[in-house]
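The values are calculated or read from the model by the stated rules, or taken from the named source; none is laboratory data. Note that the coordinates shown come from a computational prediction; the quantities given were computed from them, not determined experimentally. Ideal geometry is used to build each Cβ from the backbone, glycine not excepted, and the neighbour counts take in all protein chains shown. All accessible areas refer to the heavy atoms of the entire protein, side chains included, with ligands and DNA or RNA removed. Shrake-Rupley method; radii C 1.70, N 1.55, O 1.52, S 1.80 Å.
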Amino acid sequence: CEATRPVEERRPASIEERRPGVWRVDFARAFTGFTRVALEGAPGATVHLSWSEREDEECTYGQASELVLDGAGRGVFEHRFNYAAARWLTIEGAARAPRLDEVTGLLVRTGYARTARFRCSDPTLQAVHDAVAWTYECLSLGGYTVDCAHRERWGYGGDAPATMETALDHFDVG
């Protein structure tokens with residue numbers, strides 16, 4: 001099967017200070033994938049990063065990482081061994097908020113090709129279709145279709161039948 005790989009960049013919509021020294025990055029849409037963020041602070045400081053799919057929570061399902069800044073007080077966090085499934089990233093322990101151009105989200109999924117698109121004049125039907133296709137992309141990892149990307153790392157086959165029509169109609173998953 002194709003490797004799991006980044007297939008689309010996500011740029012943040014906003015970064016806001018939640019309380020002194022704590023910033024929240026809003027990607028405007030939930031996705032499963034990697035985050036890359038340049039950070040600055042005191043030399044050797046530990047910056048805490050947490051991901052959430054809920055607006056009122058800083059971290060859901062234990063999705064958290066830490067970055068220890070170098071001797072110059074700089075560092076770039078980027079997922080390498082895991083991923084997060086979220087819309088929001090909370091940063092604590094940096095000296096300043098990252099700029100929008102210093103944060104990138106990367107949708108990660110099984111690297112199959114997109115083979116079809118659907119366009120419709122009815123905006124509601126188009127929105128439903130787009131949500132279904134996006135959800136499938138966010139839940140297909142390592143050749144499996146998972147139930148929820150943040151809690152289930154291997155598919156057990158129960159969700160594949162519910163999504164197979166989307167998969168076969170839109171992607172090269174033969």
Some residue of the stretch 66-83 being touching a residue at least 60 places away in the same chain (Cβ under 8 Å) and of a type outside the set (K, R): yes
Filtering strands (runs of 3 or more DSSP E) wholly in the stretch 28-137 for at least 1 residues that are under 29 Å from T166 (Cβ atoms) gives 46-52, 84-92, 103-110
Cβ-Cβ under 6 Å pairs, at least 6 apart or on other chains, the stretch 128-142 side within 18 Å of A28 (Cα to Cα), far side assigned to a helix (DSSP H, G or I) and at pLDDT 90 or above: A133/H170
Just to be sure I understand the filter: pairs with C-beta atoms under 7 Å, separated by 6 or more residues or on different chains, first member in the stretch 89-102 and open to solvent by 30 Å² or more (accessible area, probe 1.4 Å), second member of a type in the set (S, T, Y). Which pairs pass? G93/T46
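To keep it simple, each residue is scored yes or no on (1) touching a residue at least 12 places away in the same chain (Cβ under 8 Å); (2) over 18 Å from L107 (Cα atoms); (3) open to solvent by 30 Å² or more (accessible area, probe 1.4 Å); (4) in contact with a Pro (Cβ under 6 Å, 6 or more places away or on another chain).
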| position | (1), (2), (3), (4) |
| --- | --- |
| T4 | yes, no, yes, no |
| W23 | yes, yes, no, no |
| G33 | yes, no, no, no |
| V37 | yes, no, no, yes |
| E57 | no, yes, yes, no |
